[in-house]
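Each remark here refers to the structure printed beneath this line.
The values are calculated or read from the model by the stated rules, or taken from the named source; none is laboratory data. This structure is a prediction, so every number in the text was calculated from the model and none was measured. Here the Cβ positions follow ideal geometry from the backbone for every residue, glycine too, while neighbour counts run over all protein chains shown.
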């Protein structure tokens, strides 16, 4: 199968491409990515020369380029995804997450091909108790979440209207290697290693469910190959953690692994004014994917967190190049000024 993966240069997309190339050599992958600030081709440096992989630099809103490509299925990771940035300016989120998804749906409709749309638990909003299921109402609280909810509704509408083979996954917070340093876990790690302040919104007691990116990739693989058209699956790690607890765990691990004084690192924690519309708790129920597809998360959180710290310690050059902006030159150095290969 010829699979078009959009947004494959990002954190989850690049880990998924690596997973698919390893587990499904019968498929070919075309990675289409606009390479906005969070897209980093260095994430896929180890697979860029494989004959079953190709990269195209393009915007998912560019119908002309998408129509020129040959593919049998689409897996859509492409999204503007940072809540803080959506609060400052929601326009790019609407363009990529809504208009871009509609563009891909049209391309899938023309080819009568399968499309899996990767979404987020943030479309459900905040929950005080219990867990979100696939039947929970969509009640987004940030411009980012609203743009993703809008794209989910478009996918559902295209399935209902045109009978297309479309599926949606909604995942909880991911962590693991190659995550952009503005996200919580890599931000804490990189800031601690540089002796920089670690900002914590409000009281830091906001709760998120965390899942290792490799477990998420296995789940998407299963949904892509086995789900029925129109299905929606929640993917979660059954692992609720308060932000402040994760931060302290990370700092304790860094102190132990680097021989740094733990209290010195804890002194970097700086509580700041809470983010507008900050969801207090996310918690999703992954029972459906566990019972119908036989998936379950495999990575113990403490072990996964420790291995993630080890990865960032061993790959300081990778995240240092992102912080300095040098990573933005990698595409030109590999592909020239064209739009990919």
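Let's see how each residue does on (1) surrounded by 22 or more Cβ atoms within 10 Å (Cβ to Cβ); (2) over 26 Å from residue 323 (Cα atoms):
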residue: 139; (1), (2): no, yes
residue: 166; (1), (2): yes, yes
residue: 186; (1), (2): yes, no
residue: 195; (1), (2): no, no
residue: 221; (1), (2): no, yes
residue: 225; (1), (2): no, yes
So the helices (runs of 4 or more DSSP H) completely within the stretch 18-126 holding 2 or more residues that are touching a helix residue (DSSP H, G or I) at 6+ places or on another chain (Cβ under 8 Å) and at pLDDT below 95 are 83-88
How many of the residues in the stretch 278-297 are surrounded by fewer than 15 Cβ atoms within 10 Å (Cβ to Cβ) and assigned to a loop (DSSP other than H, G, I, E, B)?
4
Which numbered condition in (1) out of contact with any strand residue (DSSP E or B) (no Cβ under 9 Å at 6 or more places or on another chain); (2) surrounded by fewer than 19 Cβ atoms within 10 Å (Cβ to Cβ) is the only one that residue 254 fails?
(2)
Looking at this structure, is residue 296 in contact with a helix residue (DSSP H, G or I) (Cβ under 9 Å, 6 or more places away or on another chain), free of Cβ contacts under 8 Å to residues at least 60 places away in the same chain and under 28 Å from residue 125 (Cβ atoms)?
yes
Give the stretch 298-308 a look and list any residue that's farther than 27 Å from residue 140 by Cβ and surrounded by 14 or more Cβ atoms within 10 Å (Cβ to Cβ), or say none.
299, 304, 305, 306, 307, 308
List the strands (runs of 3 or more DSSP E) inside the stretch 190-252, counting only whole elements, that have at least 1 residues being touching a residue at least 24 places away in the same chain (Cβ under 8 Å), closer than 25 Å to residue 21 by Cα and touching a helix residue (DSSP H, G or I) at 6+ places or on another chain (Cβ under 8 Å).
207-212, 232-235
Here is a list of conditions, (1) touching a residue at least 24 places away in the same chain (Cβ under 8 Å); (2) out of contact with any helix residue (DSSP H, G or I) (no Cβ under 7 Å at 6 or more places or on another chain); (3) part of a loop (DSSP other than H, G, I, E, B), and residue 134 meets all of them except one; can you say which number that is?
(2)
In the stretch 253-274, the residues that are under 17 Å from residue 186 (Cβ atoms) and not in a loop (DSSP other than H, G, I, E, B)
253, 254, 257, 258, 265, 269
Test residue 221 against the criterion of being under 18 Å from the mean Cα position of the chain (by Cα) and closer than 26 Å to residue 265 by Cβ, and give yes or no.
no
Quick one: in the stretch 141-164, which of the residues that are in a loop (DSSP other than H, G, I, E, B) and buried (at least 16 other Cβ atoms within 10 Å of the Cβ) is nearest to the chain's Cα centre (by Cα)?
142
Scanning the stretch 257-267 for residues that are under 29 Å from the mean Cα position of the chain (by Cα) and surrounded by fewer than 18 Cβ atoms within 10 Å (Cβ to Cβ) gives 257, 258, 266
Conditions (1) closer than 17 Å to residue 172 by Cβ; (2) in contact (Cβ under 8 Å) with a residue 12 or more places away in the chain; (3) in a helix (DSSP H, G or I) -> residue 309 fails only (1)
How many of the residues in the stretch 9-20 are more than 10 Å from the chain's Cα centre (by Cα) and within 17 Å of residue 34 (Cα to Cα)?
2
